[in-house]
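The numbers here are math on the coordinates, done by the rules we state, and not lab data. All values reported here derive from a predicted model rather than from experimental measurement. Here Cβ is always computed from backbone atoms with ideal geometry, including for glycine, and neighbour counts include all displayed protein chains.
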Amino acid sequence: MDFSQQISTQLNISPKQVSATIALMDDENTLPFIARYRKEATGGLDEEQLRQIGEWLGKLRSLDERRQTILKSIEEQGKLTPELQAKIQAAASLTALEDLYLPYKPKRRTRASIAREKGLQGLADIILQQPVYGKSIVPARLLTELASPFLSEQVVSVEDAWAGARDIVAETISDHAEVRHATRQRALRKGTLHCERIEDAKDEKGVYRLYYEFEVQVERLRPHQTLAVNRGENEKVLRVKINLPEQDWQVAIETYFRANPLSPLAGQLQQAAEDAAGRLLLPAIERDVRRDLTEKAEAHAMSVFADNLRSLLSQPPLAGNVVLGIDPGFRTGSKAAVVDPTGKVLETATIYPHEPQKDWKGALKTLARLAAKHKCTLISIGNGTASRETEQLAVEFIHSSAGNEIKYLIVNEAGASVYSASTLARAELPELDVSIRGAVSIARRVQDPLAELVKIDPKSIGVGMYQHDVDQKALAQALTGVVESVVNRVGVDLNTASPALLTYVAGFGPKLAERIVAHRDQHGEFLSRQALREVPGLGPKAFEQCAGFLRIRNGNNPLDASAIHPESYPLAEAIMAKAGLNMETPPKERKPALEALLKRQPVQNLAVELSAGIPTLTDIFEQLVRPGRDPRQDLPSPILRSDVLKMEDLAVGMRLKGTVRNVVDFGSFVDIGVKQDGLLHRSQVPVGLELKVGYVIEVVILKVETERGRISLGWPA
């Protein structure tokens, strides 16, 4: 089935672009490759648009598979009518499809199915028909007469007959697709979510205090509230209920099952409807609404996490520094590691400046020795336990004559312990103790955040909310997609990259990444992209996907250091020739000649002459001027400090520069250089400004609550 038109309507993208994208995806092309090197085919769709197309395609194909299964099941039952088939074919969502299938779906034994086994379907049909009789008919006698033919060994009384018939009618009402749809829509619009604390529930820290007596309209519930309520319910602290006004569910039922006031069976239908609502319909709709709220909240939480992760991975590297990384601690000491500009470990040590040893002078002496011996230029301190106390130590050292040329910064150490105990860390740093590996990771994160953070499970990096409460498979898929996107946008040095980093290159995976590193270790550095073809298991398709994202510095072909794909090398060489340049011309000297070429022949004319697409030509021109440019260099560098602030130093109205550490629904947490990150509430951020993790911004102190460890921030006027 062609889903191009449906996806086109949903995403407001032309059907032609969608069709081309689907064809490329079905041909096993990766999103980074399509986005970068197939712009002519897709009309220049960016990676996010391509990802949305892929997600919708997956949903629609899964929906269609389910549709075919349902049609086959109903047909095998001999109940598939042309009208029902048309409705199933037209169903646009899984919920609508399942609503239509519900009356025909094999069920465990229910009160209605037991009543049918007793032969009461005919009596139920009479209730549904709501017949009208003459005025002389006595209702009680009529009910007995109607039920008598259905009495048997299993149905011994008239009351039993009508009760069983009502059970069938109740299930018929509850299973009716339109009734369920109407009730669900009313619950989503007019329903209220009520929350209360379970008596004697343990919530010692008052985590869920906001929800002890909480009521809100379903449509006004915010994603983070949904996830908080879900967690409180799972932890047996909260009791949660969705309430729908009686008139709303009654309207939904009576639209399709209206009791005829002239029929003596009106009361039977009304009883069945009330039973259907209370026992079957409303509990099912409540589950549907809770599931809908949860799915939307999880999708939102994963989106926020993904955006934060993208920003964190995109932080600019502080290359060229010899870094002294410190993983702070109290009882077991603070671990220190010095790494050179390539990340190689030069020396490690353990210092004990804090409780219980309190060897402050000894720690300063060790820092001075390490800094002098290895010519350290930067100190990187993890932000965990004893972080701010260690910051005081670093500041005192920097203010001494031994460290007056050094700066420091606080680094998010989330996931460092996970990395330290990983198989990858054991392979990279086999001679180091687990506790020391964390300090190495903290040091390397400054030099190249991306190269170091890809070694850690994205969920452990700590830039989201409720990440352990959402669908873990979907979260892992979303975050992996973010890492792949950033890695391929930045590009990877083929001769220095770790297996962890290579794993995320388009067309690769863990096994192929390991084979590449093994080949590099055995045969030496790759001198060209083409040499990749010698790696066992790397076929033509994988080479096509990966080649443009790999960089080879000082190799046989200067183009291998750029983002120009090998398939476009002849085109790049033709452009250089037309500009009077050759591959040996330094990039800085290329710009005037290439600009002059574009003045003589606009890119549209060149595209015709060289039989090339304008997007591809534009990208080639950019790369010829700035080959292999790292897009992270366009972002502001992290704040380097030489002094320390305490909460007591803060005053209302003070202006400070800070780094955004986390962005959540209600605002952004900003590191302003004190122990506690400040909260910049979303109401304080100028309209239209979207903050990202890693942004360096100026803020003003609005309120300081020292005893509660809270700092409220505002936007400078």
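Ordered by the count of other Cβ atoms within 10 Å of each Cβ, fewest first, R590, R108 give R108, R590. Among Y695, Y419, a tally of other beta-carbon atoms within 10 Å of each Cβ gives an order, fewest to most, of Y695, Y419.
Compute the long axis of helix 614-625 from its Cα atoms, compare it with the longest principal axis of the Cα atoms of the chain, and write down the angle in degrees, 0 to 90, nearest 10. Helix 614-625 sits roughly 30 degrees off the main axis of the chain.
Find the Rg to Rh ratio for the stretch 608-683, where Rh is the Kirkwood radius over alpha-carbon pairs and Rg uses the same atoms.
On the way: Rg = 21.5 Å, Rh = 16.7 Å.
Taking Rg over the Kirkwood Rh, I get 1.29.
Remind me, relative contact order of the chain in percent, using alpha carbon pairs under 8 angstrom and six or more residues apart?
Computed over the chain, the figure is 10 percent.
For the stretch 91-247, the relative contact order is 24 percent, taking Cα pairs closer than 8 Å that sit 6 or more residues apart in sequence and dividing their mean separation by the residue count.
Taking 0.36 nm per intervening residue step and subtracting the Cα-Cα distance, what contour gain separates S113 from A23 on full extension? Each step should come with its number before you reach the end.
Numbers: separation 90, 0.36 × 90 = 32.40 nm, distance 4.77 nm.
In short, 27.6 nm is gained.
Quick check: the distance between the Cα centres of the stretch 639-654 and the stretch 229-290, to the nearest angstrom? Their Cα centres are 57 Å away from one another. Note on the chain: antiparallel DSSP beta bridges, both residues inside, total approximately 75 percent of the bridges counted.
If you average 1/r over all unlike Cα pairs in the stretch 323-486 and invert the result, what Kirkwood radius do you get in angstrom? Could you put the intermediate results ahead of the total?
Details: mean 1/r = 0.0610 Å⁻¹.
The answer is 16.4 Å.
Subtracting the Cα-Cα distance of K588 and E196 from their residue separation scaled by 0.36 nm leaves 134.4 nm.
Taking 0.36 nm per residue of separation and subtracting the Cα-Cα distance, full extension of the segment from E75 to L11 would add 19.6 nm.
Taking only the C-alpha atoms of the stretch 111-301, the Rg (one decimal) and the largest Cα-Cα distance, Dmax (whole number), read 21.3, 71 Å.
Relative to the dominant Cα principal axis of the chain, helix 47-76 is inclined by about 30°. For the chain, the longest principal axis of the alpha carbon atoms and the long axis of helix 587-600 meet at an angle near 60°.
In the P(r) worked out for the stretch 93-218, what percent of Cα pairs fall beyond 22 Å? Could you put the intermediate results ahead of the total?
Details: 4662 of 7875 pairs.
Of all Cα-Cα distances in the stretch 93-218, 59 percent exceed 22 Å.
The mean of 1/r over all pairs of different alpha-carbon atoms in the chain, once inverted, gives a Kirkwood hydrodynamic radius of 30.9 Å. So which of K335/K646; K296/K459; K407/K459 end up more than 26 Å apart, counting from Cα to Cα? Flagged as over cut-off: K407/K459. Counting other Cβ atoms within 10 Å as a rough exposure proxy, the listed residues C546, C195 run C195, C546 from fewest neighbours to most. Sorting the Cα pairs of the stretch 520-634 by distance into bins of 10 Å, from 0 upward, gives 13, 42, 31, 12, 2 percent per bin.
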